[in-house]
Amino acid sequence: MSYDIFHLSYKEAFADETFSKLKEQFPWSKRVKGVKGIFNAHKKCAEQAYTEMFYVVDADADLDPSFVFDYKPTKWDLDKIHTWRCKNPINNLVYGYGGVKLFPTQALRDANDWRIDFTTSVANKEGQKGAFKAMPKISNTTAFNTDNS
């Protein structure tokens, strides 16, 4: 079973292009655009998801050609936010910021707020640690250094 894939955009000038590219490779991809606030935008994805988990691809993500949306978490990881690694085009560092993420749908539907870092905190339950899982594979390069003018 495949999980829903959401392309998330706000006002990125190149968002139509990156969504088209995503749809070519993964035709079941959906789009959430123009929702103000990272929390609200992710909640909108969760509201539209039909699967128990869903992927989020940011509009500024240039997917690695080898990345596929075929990961299946174990039953012990279904409540975790999985974050794939991402390349920074300025300094060539690799880390999770801007990477593809897999969210537990119900946890996002139930969330009322988030703390300092959305991805590492939104699925944490009271007193729980470890609702975040770093994934070793590189999913994309983040094109945050694009001029929108």
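Condition first: touching a Lys or Arg at 6+ places or on another chain (Cβ under 8 Å) and modelled with pLDDT of 80 or more. Now tell me which residues in the stretch 108-135 satisfy that.
108, 109, 111, 131, 132, 133, 134, 135
Look at residue 87 and say whether it is more than 17 Å from residue 2 (Cα to Cα) and of a type outside the set (Ser, Thr, Tyr). I'd like the intermediate steps shown before the answer.
Working: more than 17 Å from residue 2 (Cα to Cα): yes; of a type outside the set (Ser, Thr, Tyr): yes.
When the stated conditions are applied, residue 87 passes them.
Among 61, 41, 111, which is open to solvent by less than 40 Å² (accessible area, probe 1.4 Å), in contact (Cβ under 8 Å) with a residue 60 or more places away in the chain and within 20 Å of residue 132 (Cα to Cα)?
On the way: 61 fails: within 20 Å of residue 132 (Cα to Cα); 41 fails: in contact (Cβ under 8 Å) with a residue 60 or more places away in the chain.
Matching residue, one of 61, 41, 111: 111.
Out of the residues in the stretch 40-72 meeting the condition of being assigned to a loop (DSSP other than H, G, I, E, B) and β-branched (Val, Ile, Thr), tell me which one is farthest from residue 85 (Cα to Cα).
Initial filter on the stretch 40-72 (assigned to a loop (DSSP other than H, G, I, E, B)): 49-52, 59-60, 64-72.
Now drop any that are not β-branched (Val, Ile, Thr), which leaves 51, 68.
Working: 51: 23, 68: 13 Å.
The qualifying residue farthest from residue 85 (Cα to Cα) is 51.
Suppose we filter 76, 84 for residues that are among the aromatic types (Phe, Trp, Tyr) and open to solvent by 40 Å² or more (accessible area, probe 1.4 Å); which single one remains? First the steps, then the outcome.
Working: 84 fails: open to solvent by 40 Å² or more (accessible area, probe 1.4 Å).
Testing whether each residue is among the aromatic types (Phe, Trp, Tyr) and open to solvent by 40 Å² or more (accessible area, probe 1.4 Å) leaves just 76.
Would you mind telling me which numbered condition in (1) exposed (fewer than 15 other Cβ atoms within 10 Å of the Cβ); (2) touching a strand residue (DSSP E or B) at 6+ places or on another chain (Cβ under 9 Å); (3) in contact (Cβ under 8 Å) with a residue 40 or more places away in the chain residue 66 fails?
(3)
Any residue in the stretch 82-107 that is at pLDDT 85 or above sitting within a Cβ distance under 8 Å of a residue that is of a type in the set (Lys, Arg) and open to solvent by 50 Å² or more (accessible area, probe 1.4 Å)? List the pairs, counting only those 6 or more apart or interchain.
Taking only residues 6 or more apart or on different chains, the pairs are 82/133; 83/133; 84/137; 85/137; 94/85; 94/87; 99/85.
The values are calculated or read from the model by the stated rules, or taken from the named source; none is laboratory data. Predicted model, so just to flag it, every value in this text is computed and none were measured. Cβ coordinates were reconstructed from backbone atoms using ideal geometry, including for glycine residues, and neighbour counts include every protein chain displayed. Quick note on the areas: whole protein, heavy atoms, side chains included, nothing else; ligands and nucleic acids left out. Shrake-Rupley method; radii C 1.70, N 1.55, O 1.52, S 1.80 Å.
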